[in-house]
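Below is one structure, written out as structure tokens; the observations come after it.
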Amino acid sequence: MKSVKSLLLGASAALFAVAGAQAADLPVKAKPVQYVKVCSLYGAGFYYIPGTDMCVRVGGYVRSQLEWGSVNGVSPGTIGPAGFATSTNTGAIGTLANGQFDRGSNNFNMTNRGVLSVDARNQTEYGTVRGYIALGGQTISPGTTTATFFFERAFIQFAGFTFGRTQSFFDVFTTTEHFNYIESKTSGDTYNYGVDLIGYTAQFGNGISASISAESPHYLQTSAVVDGTAAAFSSTTPLTVTDATGHNVPDIVGQVRIDQNWGSLGVSGAAHKVAGRYFTTPGLPANGHPDDKTGWAVQLGGQLNLPWGDTIGASVVDTKGAVAYATKAGSWAITNGSAGGVGWLTDGIFDGPGVPATANTQIHLTNAWSVNAAYEHFWNPRWRTSLYGGYTKVWYDGTITNDINTHLPGAAGTIQCGVPVAGAVWPPINMANGGAGNSCSPDFSFYQIGSRTQWNITKDFYMGLDVTYTHLNTAYQGVIAPTTISGRTFTSIDNQNTWSGVFRTQYSFSPGNEGASLVLGR
């Protein structure tokens, strides 16, 4: 009996042990799963971040380009906005060494880029607050061995205000990325580069709005105030900034526009501080300085959506002392054979004592204007072709033209282009016979015309070909004495032209993007 009792106790203990082990293996009661929900407040592609009332959309694009006569969509011979790698001249383009067309030129390039964008929004008692970033990297070969990182956009929008890096409020109409792949240098638009700003936009209904913003000055690397007592126009890079001041006043920009189903129309203006540092090189505070001046720019432009689906647009910009609003090309230098074409771009020039000047001069502002237009025809939903063109003219008044010519190479007091040589020598042009047979003018202009055809294989994936012709009407056209610049000797200054081509494939993975280059808030 005792053995039976022991057996029963043992079995009971074993049973409880097994039951306890099984109980330990039972799942703990799970917390509710938070599924990602579609957010329909702001359009396609937005989702709620779990546990928040914030909606976010993630997108971007991958791009590959084969280029001839171009680096990252920039035609040769120009200095673009340096230091920002979205579409800049990251190599030596802009110097005569890269504006040459010989066996040492890199006429063929490949550019590959990837960009990610994040658009986040939620509601406050004052309306929607939005944060947007677009960042990425790219490689360009030959020419660079490592990838370049860059920001295209980084801004916050709230209650009509915009803070951060985005497209300038001066921009009204642009062909960049809408009608072409090769960026038009006849325009000063900031679509690819963006600009740092603080702005406010008021909406009046019926598509009418007005904006005002304080913006970082546009493309200071391509234009600045230069001091005539230094070598202002260099031979290795077409423009050497010799007397740039610190930046203590932003550009003030305003725009009024209307946006409707038929298209858009807008007018914009900008005020830009133009200032030099000190008189006489090397500049010292005791020498005093030229008076500050205010440059300005105005623009009128718009785009029309035609009833049969095509689009047409145009803009015209006029500037004085704010030339980067008319062009982002900067200075020019192109050589081909024994001839070269040049053009130097500044916001203004001041000079020091010399002949015929007898005292320090104030800043003389540079004039520039540009016009751009484009037309796009949709053959069918998958195929489109655009035609685009633009023209930019840069000129100096008679007083500063004479001052510039006093710095032409020659012995002091000798007559070059009708004025005595005095002070520092800087335009790297040796005049023959005192300038006889030469225009003796630093004014220049250029135009670009082109066509792009694009095949939208899907709404998110396309490939296309863009071909552009660029023509430079050079400064100082005509006969010169043999002049060596960047290792090449040429005997005349004449107009130059180039052909550029880009074959692009791009896949965009942002909902609702319709194959555009970026999902941009602005």
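The values are calculated or read from the model by the stated rules, or taken from the named source; none is laboratory data. Since the model is a prediction, treat every value here as computed from it, not as a measurement. All Cβ positions, glycine included, derive from the backbone under ideal geometry; neighbour counts span all protein chains shown.
Results for (1) crowded, with 24+ Cβ neighbours inside 10 Å; (2) not hydroxyl-bearing (Ser, Thr, Tyr), shown as yes or no for each residue.
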{"site": "Gln157", "(1), (2)": "no, yes"}
{"site": "Gly160", "(1), (2)": "no, yes"}
{"site": "Phe170", "(1), (2)": "yes, yes"}
{"site": "Tyr181", "(1), (2)": "yes, no"}
{"site": "Lys185", "(1), (2)": "yes, yes"}
{"site": "Gly188", "(1), (2)": "yes, yes"}
{"site": "Ala214", "(1), (2)": "no, yes"}
{"site": "Tyr219", "(1), (2)": "yes, no"}
Worksheet item: Among the listed residues Thr484, Thr505, Thr498, Thr489, which satisfies the condition of being farther than 25 Å from Tyr396 by Cα and modelled with pLDDT of 90 or more?
Response: Thr505
Practice prompt. Look through the stretch 190-212, keep the residues that are among the aliphatic types (A, V, I, L, M) and surrounded by fewer than 18 Cβ atoms within 10 Å (Cβ to Cβ), and return whichever of them is farthest from Gly137 (Cα to Cα).
Written response: Ile208
Practice prompt. Would you check which residues across the stretch 282-340 are small (Gly, Ala, Ser) and either over 30 Å from Gly254 (Cβ atoms) or more than 26 Å from the chain's Cα centre (by Cα) (or both) and list them?
Written response: Gly283, Ala286, Gly288, Gly309, Ala333, Gly337, Ser338, Ala339, Gly340
Worksheet item: Does the stretch 459-466 contain at least one residue that is part of a loop (DSSP other than H, G, I, E, B), in contact with a Phe, Trp or Tyr (Cβ under 9 Å, 6 or more places away or on another chain), of a type outside the set (Phe, Trp, Tyr) and within 30 Å of Phe378 (Cα to Cα)?
Response: yes
Worksheet item: When both residues are 6+ apart or on different chains and their Cβ atoms are under 8 Å apart, which pairs have a first residue that lies in the stretch 284-298 and is closer than 17 Å to Ile349 by Cβ and modelled with pLDDT of 85 or more, and a second that is part of a loop (DSSP other than H, G, I, E, B) and of a type in the set (S, T, N, Q)?
Response: Pro290/Asn360; Pro290/Thr361; Pro290/Gln362; Asp291/Gln362; Lys293/Gln362
Fill in: Given (1) farther than 21 Å from His272 by Cβ; (2) polar (S, T, N, Q); (3) at pLDDT 95 or above, index of the condition Ser211 fails
(1)
Practice prompt. Have a look at Asp443, Asp460 and point out the one that is at pLDDT 90 or above, of a type in the set (D, E, K, R) and within 25 Å of Asp403 (Cβ to Cβ).
Written response: Asp443
Worksheet, complete the sentence: Note on the stretch 368-400: residues of a type in the set (S, T, N, Q) and crowded, with 18+ Cβ neighbours inside 10 Å are Ser370, Asn372, Ser386, Thr392
Worksheet item: When residues of the stretch 407-444 are filtered for being under 18 Å from Val342 (Cα atoms) and either part of a loop (DSSP other than H, G, I, E, B) or not small (Gly, Ala, Ser) (or both), how many remain?
Response: 20
Worksheet, complete the sentence: Only one of Thr335, Thr399 is of a type in the set (Val, Ile, Thr) and in contact (Cβ under 8 Å) with a residue 40 or more places away in the chain, namely Thr335
Practice prompt. State which residue is farthest from the chain's Cα centre (by Cα) when the search covers only the stretch 107-133 and only residues that are over 20 Å from Val38 (Cα atoms) and crowded, with 18+ Cβ neighbours inside 10 Å.
Written response: Asn109
